[in-house]
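Participant: Here you go, one structure.
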Amino acid sequence: MSLLERESHLKSLAGWACEAANGEGRVVLVIGEAGIGKTSLLRQFTSDQSGNLSLCKTGRLFRILWGGCEALFTPHPLAPLYDIARQVGGGFAGAVDAADRRETVFHLTIEELGRSSLPTILVIEDVHWADEATLDLVKFLGRRLTALGVLLVVSYRDDEVGQRHPLRAVIGDLPADSMRRLELSPLSADAVAWLAASVGRSAAGLYATTCGNPFFITEVLASGDAKVPATVRDAVMARLARLAPSARAVADVASLVPGKAERWLIEQTVGGDAEAIDACLAVGMVAQEDGALAFRHELARRAVEENVPVPHRRDLHARILNALQYQAPVEIVTARLVHHADRAQDNGAVLRLAPLAAARATALSAHREAAAHYETALRYAGALPPAEKADLHEKFSYECYVTDRTEEAIAARQAALGLWRSIGAHLKEGDNLRWLSRLSWFNGQNAAAEQFAKEAIALLESLPPGPELAMAYSNCAQLYMLSNRTRLARDWGAKAIALAGRFAETEILSHAYNNVGAARLTEGDSGGWDDLEKSLSLALAGGFREQAARAYTNLATRAVDTHDFRMAKPYLDAGIAFCEQHDLDSWGRYMTTVRARAALDRGEWLEAEADAEAVIRHPRTAPISKIPALFTLGLLRARRGESGADALLDEAYALARPTGELQRIGLVVLAMAESAWLQGRLEDRAEELDEAAALALAQPEGWMNAEIAFWRWRIDPTQNDATNCTGPSVEALAGRPAAAATKWCDMGCAYHRAMYLADSNDEDDLRAALAVAEGLGAQPLAGILRRRLRAAGVRSVARGAQERHRHNPHGLTTRELGVLAQLTEGLRNADIAQRLFVSEKTIDHHVSSILGKLGVRSRGEAAAMANRLGLNGPIGVLAGVKK
């Protein structure tokens, strides 16, 4: 029987399957509320594929693989993949079972998908219930499907995926060009009436009550009641009311087992016979191929589960747990045992099983699930000895730390600290103090971080030296490095390196060399590059991925801080690729903000905008990454004269200020000052600039100091002290704006060149600056430069590109007008990119947009139309500065 009102959805799925079969991998998101028919649609689609082969022009069948997530309280890591492995069979299932690391499992999966001679349709259902490792698998596969001939179909309930649901982050990380969405709507009133008529029932009130939800409609029509039940639960229970006690006992057991209840499990718990099973099937339950019994929909299972009296429910869970542990013909995954032990309130079983399930989840990088298992264990840990309870708190804290639950991580560490203190375990006490320092810094509590760091060192130095003390030294070095107290960072880092070397603690060595190298570079000591490179090589050789990501980050950031984009690029390219390969997304997002800053300074504004917006939109972006993303996007909008700039910068400042760190506060204050200057109200930011200057005295950093001093000098020309300052701004403070501009230009910072030339009194300088501003589409700066020229008595100042834009009938943007002017000269994209200080790829995008807006097919036609319409403004205004 065909599905009502789903023809277009099936056609879309078939088309995307053909694309995948032809080597263009696709990820399809099938979205809809509970009961909307996602499973029915996908069953119909996979069943139909043999009839659609002619569309694909491959002459091949599809291999169908199907896995689903279950509604366990704490999901089993990679449950859908284990379903799929059983379908594949052979060595793959055994290899997945034997793998002890997530990365191994993922690569085995890619190898299996690539090995098949048939194109594959891979369905993963109900990912709103997915564990963290399964979500990472979806992301891992989605990024690598291009040439595998795989259609990955992922279904989920949109009404259970809130803004902070981890699935949103996964969707945000999938490649947009290969992702497709398929949203299922409720059935229409006509369709509901047709279904009612097909079983001889009246449609009166049916659509209003069910709102067109297919599952609800089906349950109502099958309930046999003349009156329409008010809820899905009422409809389901009306059907089950017809069951005899023995059959109802079977249904009750099945309702307590998410997914499916094996036949042997039913027999061991309530002894269901064939007659009872058949009765259950007659009221809408489903028999699986392996004989297991399941509800047709999770909504039905939950309706029955909620109807089982609580004492009886607990007793049934205890019986299920006993059968799963001692009578199962196959090994049962520990997470499933924990589910029933918790609901049976079996204290001993929970404390024995939950840590085992957590350890397995950690091995598979399913950290959310590991945290949930430890949290479950802690609810039953009241009578445990202090050391065992402290160990659970430590493990729970770590899992919270890696899943951005910082407040809970701190609370758990404090609980562990108190327990270790109560039994005089001083080494553990010191290590937990060091952890509290790290967690406090992550939480923006820098004063607390330093206090905990000092307490950790004081305690650990009273004990025999070991790795814990070495890490405490390196943690202290990191805190001082981050706040630009470089001498202290180098001193504590040296202690960490010496002690870690004694114990051959390579990871601590990598951490410490990173801190020392960054501190030395802040001081202007180029030897810091060697330290950072050593940190990176140690991390890569030892497989310490987080340390490698941190080294890439600091290498790239320090290069961008000094506007050395040639040095920054290979670190950014390699670092971001490394993070994508190893799913180190938080580090990858931070490096993306560094790349955005570099693109902004180089005049590659489209690229800067895309990177910054991607980071801001991501639901799991930490404040440390959101600050530079907001700064970049806010400053870009200010330079373009677009609305919303100040709101973005104010949000960045609110996040940066509690950190107390110049590297974050200073960047935002500089952007706020520039935005205010472009609006003619720089004095409004005097207070923030004074606060940043005071912070710079305590945390000196040459480039930042110089740019803060530059903006304060623009408010008050008597404030021109260049002490501890480095970079082109020093020239401006000395009254040499043209020299400062030249240095900015040499670095590839065209906008900075134009902005600093605004302080020149030379007409040629001002005209050159205006040309750059126009070429970049920097209208506020261009307006300032025109006013400076007119104030100097220059009469032949061309009107702005924005004014021309208001009079052009095709809606070309300011930047597109500038590019079009270059096209009229017959220049190639590479030449235009060089003139306008942007990448050739950016010009490619602009040319495509221009052709589309003008409705022409070639560059020559575009140039001819520009000449006819008078859109080819003076080249001296629209072009960049290179001739």
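Participant: For the chain, give the share of DSSP beta bridges that are antiparallel, in percent and rounded to the nearest 5; count only bridges with both residues there. Mind dumping the intermediate values first?
Facilitator: On the way: 3 of 25 bridges.
Antiparallel bridges make up about 10 percent of those DSSP assigns within the chain.
Participant: Evaluate the relative contact order of the chain (contact order divided by residue number), counting alpha-carbon pairs under 8 angstrom at least 6 apart; express in whole percent.
Facilitator: 6 percent.
Participant: Rounded to the nearest 500, what is the chain's calculated 222 nm mean residue ellipticity when only DSSP H runs of at least 4 contribute -39500 (n - 2.57) each, over all residues? Each step should come with its number before you reach the end.
Facilitator: Values: 48 runs with 583 residues, N = 883.
The helix-only estimate for the chain comes to -20500 deg cm²/dmol at 222 nm.
Participant: Distance between Cα centroids, the stretch 1-29 to the stretch 403-469: provide it in whole Å.
Facilitator: 54 Å
Participant: Cα convex hull of the stretch 264-348: how many Å³ per residue? Working shown, then result.
Facilitator: Numbers: hull volume 9.6 nm³, N = 85.
Once divided by residue count, the hull of the stretch 264-348 is 113 Å³.
Participant: Follow-up. Return a whole-number percent for the relative contact order of the stretch 305-432, with Cα pairs under 8 Å and 6 or more residues apart as the contact set.
Facilitator: Details: 137 pairs, mean separation 20.0, N = 128.
Computed value for the stretch 305-432: 16 percent relative contact order.
Participant: How many times 2.2 N^0.38 Å is the alpha carbon radius of gyration of the stretch 366-514? Each step should come with its number before you reach the end.
Facilitator: Values: Rg = 15.6 Å, N = 149, 2.2 N^0.38 = 14.7 Å.
The stretch 366-514 yields a ratio of 1.06.
Participant: Right, next: Going out from 0 in 10 Å bins, what whole percent of all Cα-Cα distances in the stretch 207-362 drops into each bin?
Facilitator: Going out from 0 Å in 10 Å bins, the stretch 207-362 shows 11, 37, 31, 16, 5, 0 percent.
Participant: Give the share of C-alpha pairs in each 10 angstrom bin for the stretch 1-134, from 0 to the last occupied bin, in whole percents, shortest bins first.
Facilitator: 11, 38, 36, 15, 1
Participant: To the nearest 10 degrees, how steep is helix 132-142 against the longest Cα principal axis of the chain, on a 0 to 90 scale?
Facilitator: Helix 132-142 sits roughly 60 degrees off the main axis of the chain.
Participant: Something else now. Is the shape of the stretch 60-122 best called rounded, prolate or oblate, per the rule: a/c under 1.5 gives rounded, else a/b larger than b/c gives prolate, else oblate, with a ≥ b ≥ c the square roots of the Cα gyration tensor eigenvalues? Let's see the in-between values first.
Facilitator: On the way: a/c = 2.29, a/b = 1.37, b/c = 1.68.
Note, shape of the stretch 60-122 comes out oblate.
Participant: Ok, one more. So who's got an amide H within less than 5 Å of the one on ARG180, skipping anything under 5 residues away but keeping other chains? H placed 1.01 Å off N, in plane.
Facilitator: Correct list: VAL27, VAL28, LEU29.
Participant: Classify the stretch 682-732 as rounded, prolate or oblate from the Cα gyration tensor: take a ≥ b ≥ c as the square roots of its eigenvalues, call it rounded if a/c is under 1.5, otherwise prolate when a/b beats b/c and oblate if not.
Facilitator: On the way: a/c = 2.03, a/b = 1.17, b/c = 1.73.
Verdict is oblate for the stretch 682-732.
Participant: Just to confirm a number: summing +1 for Lys and Arg and -1 for Asp and Glu over residues other than LEU187 whose beta-carbon lies under 10 angstrom from that of LEU187, what do you get? Working shown, then result.
Facilitator: On the way: positive: ARG6; negative: GLU5, ASP190.
Result for the local shell: -1.
Participant: Another question, if that's okay. Measuring with a 1.4 Å probe in the full set of protein chains, what accessible area per residue, in whole Å², belongs to the chain? Please list the in-between numbers first.
Facilitator: Values: 35750 Å² over 883 residues.
Result: 40 Å² of accessible area for each residue.
Participant: How large a share of the accessible area of the stretch 396-457, in percent, is made up of carbon and sulfur atoms when the probe is 1.4 Å and the other protein chains stay in place? Before the final figure, lay out each step's value.
Facilitator: Working: 1300 of 2490 Å².
Using a 1.4 Å probe with all protein chains present, the stretch 396-457 comes out at 52 percent carbon and sulfur.
Participant: If one computes P(r) from the Cα atoms of the stretch 442-574, what percent of pairs lie at distances over 21 Å? Please report the intermediate quantities before stating the final value.
Facilitator: Values: 3389 of 8778 pairs.
Cα-Cα pairs in the stretch 442-574 separated by more than 21 Å: 39 percent.
Participant: Where does the charge balance sit around ASN724 when Lys and Arg score +1, Asp and Glu -1, over other residues with C-beta under 13 Å from its C-beta? Write down the numbers at each step before the final one.
Facilitator: Numbers: positive: none; negative: GLU523, GLU701, GLU707, ASP721.
Local net charge: -4.
Participant: I would also like to ask the following. Debye calculation, C-alpha points only, no solvent: report log10 I(q)/I(0) for the chain at q = 0.09, 0.10 Å⁻¹, in the same order as the q values.
Facilitator: So the normalised log intensities are -1.07, -1.21.
Participant: Further question on the same structure: In the calculated pair distance distribution of the stretch 95-191, what percentage of Cα-Cα distances lie above 20 Å?
Facilitator: Working: 2066 of 4656 pairs.
Value for the stretch 95-191 (Cα pairs over 20 Å): 44 percent.
Participant: Output needed: percent of Cα pairs per 5 Å distance bin for the stretch 520-587, bins running from 0 to the one holding the longest distance.
Facilitator: Each 5 Å bin holds this share of Cα pairs: 4, 19, 28, 26, 16, 7, 1.
Participant: Here is a further query. Taking K and R as +1 and D and E as -1, what net charge do the other residues with C-beta under 11 Å from the C-beta of ALA34 add up to? Provide the component values of the computation, followed by the final result.
Facilitator: On the way: positive: LYS38, ARG157, ARG302; negative: GLU33, ASP126, ASP158, ASP159, GLU160, GLU298.
Value of the local net charge: -3.
Participant: Next question. Given C-alpha coordinates of the stretch 600-695, what is the ratio Rg to Rh with the Kirkwood estimate of Rh?
Facilitator: Numbers: Rg = 12.8 Å, Rh = 13.4 Å.
Computed over Cα atoms, the ratio is 0.96.
Participant: For the chain, find the longest principal axis of its Cα atoms and tell me its angle to the long axis of helix 7-21, 0 to 90°, nearest 10.
Facilitator: Tilt of helix 7-21: around 70 degrees.
Participant: May I pose another question? Considering only protein heavy atoms and a 1.4 Å probe, what is the carbon-and-sulfur percentage of the accessible area of the stretch 199-286?
Facilitator: On the way: 2050 of 3700 Å².
For the stretch 199-286, the apolar C and S fraction of the accessible surface comes to 55 percent.
Participant: Related question: Normalise the Debye intensity by I(0) for the stretch 658-746, one equal point scatterer per Cα, no solvent, then take log10 at q = 0.14, 0.17, 0.23 Å⁻¹ and round to two decimals.
Facilitator: Results for the stretch 658-746 at q = 0.14, 0.17, 0.23 Å⁻¹ read -0.44, -0.66, -1.18.
Participant: Helix 605-617 versus the longest principal axis of the chain: what is the Cα-based angle in degrees, 0 to 90, to the nearest 10?
Facilitator: 40 degrees
The values are calculated or read from the model by the stated rules, or taken from the named source; none is laboratory data. This structure is a prediction, so every number in the text was calculated from the model and none was measured. Don't worry about glycine lacking a Cβ; one is built from the backbone with ideal geometry, like all the others, and counts go over all protein chains shown. We work out accessible area using only protein heavy atoms, side chains counted, and drop any ligands, DNA or RNA first. Shrake-Rupley method; radii C 1.70, N 1.55, O 1.52, S 1.80 Å.
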